[in-house]
1. Name the long-range amide H neighbours of residue 88: under 5 Å, sequence gap of 5 or more, or other chain; modelled H, no Pro or chain starts.
2. Quick query: amide H of residue 69 versus all other amide H atoms, modeled in the peptide plane; which residues come in under 5 Å with a sequence gap of 5 or more or a different chain?
3. Quick one: with all protein chains in place, what share of the accessible area of the chain is carbon or sulfur, to the nearest percent (1.4 Å probe)?
4. Quickly estimate the mean residue ellipticity at 222 nm for the chain, helices only: each DSSP H run with n ≥ 4 gives -39500 (n - 2.57), and the total goes over all residues, rounded to 500.
5. Report the longest stretch of the chain that contains none of the trypsin sites (Lys or Arg not before Pro) sitting in a DSSP loop with at most 12 other Cβ atoms within 10 Å.
6. In whole angstrom, note down how far apart the Cα centers of the range 1-54 and the range 103-118 are.
7. Among 39-45, 131-137, how do they line up from the highest to the lowest mean number of other beta-carbon atoms within 10 Å?
8. So how do 155, 37 rank on accessible area, 1.4 Å probe, biggest first, that is with the largest at the start?
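The values are calculated or read from the model by the stated rules, or taken from the named source; none is laboratory data. Remember, predicted model here, so these are calculated numbers, not experimental data. Cβ atoms come from the backbone with ideal geometry, glycine included; neighbour counts cover every protein chain shown. All accessible areas refer to the heavy atoms of the entire protein, side chains included, with ligands and DNA or RNA removed. Shrake-Rupley method; radii C 1.70, N 1.55, O 1.52, S 1.80 Å.
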Amino acid sequence: MADDGLRALRVNALELLRQPGAVKPVEATVSALALEVLHDSLDGDVEVDLVLEALNVGITVRGTVAAPWKGVCRRCLTGLSGRAQGAVDELYQVNVTDDDAFPIENNQLVLAPMVRQTALLELDEVRLCRPDCAGLCPVCGADRNDTRCDCDTTVTDDRWAALDALRLEE
C-alpha cells in the first residue's frame, strides 16, 4: 500500500514533552483524499512544513500548509492558478487549558485535523486576477479589462421612483 503521508502527521508527543525546548521538524506531502480535503479549487496534494517545539504547557506547532489550486477570477472569470499557503501557529496540550488548543490524545500529536482546517481555509480565499480587475459588464458581458463598453449600468429601484419627482421648497 502506498504511503498517503498521514503517518508523518502523527507524532509521538511523549518524547517531546520529556524535554522542554526540544524541536522536531515535520515535512510531508499528503494526499488530499487521505486528509479529506475536498474542495473545487484544489489541484494536487497538500504540502506540510512544520516545526514542533516542546514547552512546559504543551507543544507549539508552527510552519506552513500549502496546496496548489486552480480557479477563476471572481470578477472577470479569467482562469487562474497558484499555490495557497497558510501559516500555522497552534498549541497542543495534554490537559487542554487554552480554548484554542488542540488535545494531545494517547500521547500522540494528531496533526491531520489542523492541517485539513488550514488547507480548507486557504483554498476558500476569494481570488482576483489583479487588484484593479474591472470585471464583466452586467449588460453586454464584455470583459471591461480588455474593452470599453458604453452600456448603462445604473441600478434603479422602481419602488422609490415616486420620490424622484418630489421637489422640496427651500
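1. Correct list: 63, 64, 65.
2. Here the answer is 43, 82, 83, 84, since their amide H atoms fall under 5 Å of that of residue 69.
3. Carbon and sulfur: 47 percent of the exposed surface of the chain.
4. Using -39500 (n - 2.57) per qualifying helix, the result is -3500 deg cm²/dmol.
5. In the chain, the maximal stretch lacking such sites is 19-147.
6. 9
7. Ranking the peptides 39-45, 131-137 by packing returns 39-45, 131-137.
8. My answer, sorted largest first, is 155, 37.
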